[in-house]
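**Q** Pasting a structure here, questions to come.
The values are calculated or read from the model by the stated rules, or taken from the named source; none is laboratory data. Only a predicted model underlies this, so the values are computations on that prediction, with no experimental measurement involved. Using ideal geometry, Cβ is built from the backbone for each residue, glycine included, and neighbour counts are taken over all protein chains shown. When the accessible area is computed, the model is the full protein with side chains, heavy atoms only, and any ligands, DNA or RNA have been set aside. Shrake-Rupley method; radii C 1.70, N 1.55, O 1.52, S 1.80 Å.
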Amino acid sequence: MMKASLKSRYDTDKSTAGAAATVAFNAGNVKLRASMTDATFVNGPSLNGLALAVEKPGFFIIDYDVPKKDFRFQFMNSIKVAEKPLNLTYIHSRNDNRTILDGNLAFDPANKVSVNHMIGSGNCKLKYTYVNQGVTTYEPSYDFKKNSWDFAVSRRVYGDDVFRASYQTSSKAMGLEWSRNSKMNGRFKIAASLNLGEELKLPKLTAETTWDFEM
């Protein structure tokens, strides 16, 4: 079975619109995926914006950025700690020589702790996730490098709609987001961001719409 998705995006701050498409199909126990942006076709067919990937779900993903000739490796594993699932992810980008370690430990369906660390940068983030009655999610996080807290809260309404608010104390950036994931009408997201530390301006708005197809 082949699956395809088409995403469109509009940014009011830059007054720009863009589009991206992804095609994926199963080859045995792995998935092969190709993704393109509007840069691939805007001036005639080219390699700009083209990326290829091989994925074995739950084990590894290998991405290749064709124009940059850059590989990105991602390996996943899950182990038990005190009978609780600990999910580990190792990510390495070859051109940037950047390695990220990510782990999350779920104590139960409502409580989870996540850690993200970029090796050699001193950048480490700790996040706690609490889901209240499967409807409202609270996500406080701490950035050790910036010595600052971030906060986010999201709430699911009417089944398909999710409203999310976030605040970064280091940059004083506040974000609001409305997203919907519908099997009938596809997915869309509308986001607004505002920096409270700057002079009062209109919020930056972005809108994304995604349609999924099976062939």
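**Q** Quick check on the chain: take the gyration tensor over C-alpha atoms, sort the square-rooted eigenvalues as a ≥ b ≥ c, and tell me if it's rounded (a/c under 1.5), prolate or oblate.
**A** Here the chain falls in the rounded category.
**Q** Over segment 44-90, average the accessible area per residue using a 1.4 Å probe and give it in Å², no decimals.
**A** Ligands and nucleic acids excluded, the result is 66 Å² per residue.
**Q** Within a Cβ distance under 13 Å of ASP38, other residues only, what is the Lys/Arg minus Asp/Glu net charge?
**A** Taking every Cβ under 13 Å from that of ASP38, the sum is +2.
**Q** How much of the pair distance distribution for segment 128-196 lies past 17 Å, counting alpha-carbon pairs only, in percent?
**A** Summing the P(r) tail past 17 Å for segment 128-196 gives 50 percent.
**Q** Sticking with this one: Run the accessible area of the chain with a 1.4 Å probe and give the carbon-and-sulfur part as a rounded percent.
**A** C and S atoms contribute 59 percent here.
**Q** Determine which aspartates and glutamates satisfy two conditions relative to LYS7: a Cα distance under 17 Å, and not lying fewer than 8 residues away in the same chain.
**A** Answer for LYS7, where 17 Å is the Cα cut-off: ASP38, GLU208, ASP212, GLU214, listed by chain and number.
**Q** Still on this structure, I have one more. Given +1 on the Cβ of Lys and Arg, -1 on the Cβ of Asp and Glu, and no further charges, what dipole in debye does the chain carry about its Cα centre, rounded to the nearest 20?
**A** 220
**Q** Moving to a separate point now. Keeping every protein chain present and rolling a 1.4 Å probe, give me the accessible area per residue for segment 125-191 in Å².
**A** 69
**Q** Another question about this same structure. Would you mind estimating how fast segment 24-120 diffuses translationally, via Stokes-Einstein at 25 °C and 0.890 mPa s with the Kirkwood radius over Cα pairs, in µm²/s?
**A** 158
**Q** Sticking with this one: What is the distance in Å between the Cα centres of segment 153-167 and segment 47-107?
**A** 27
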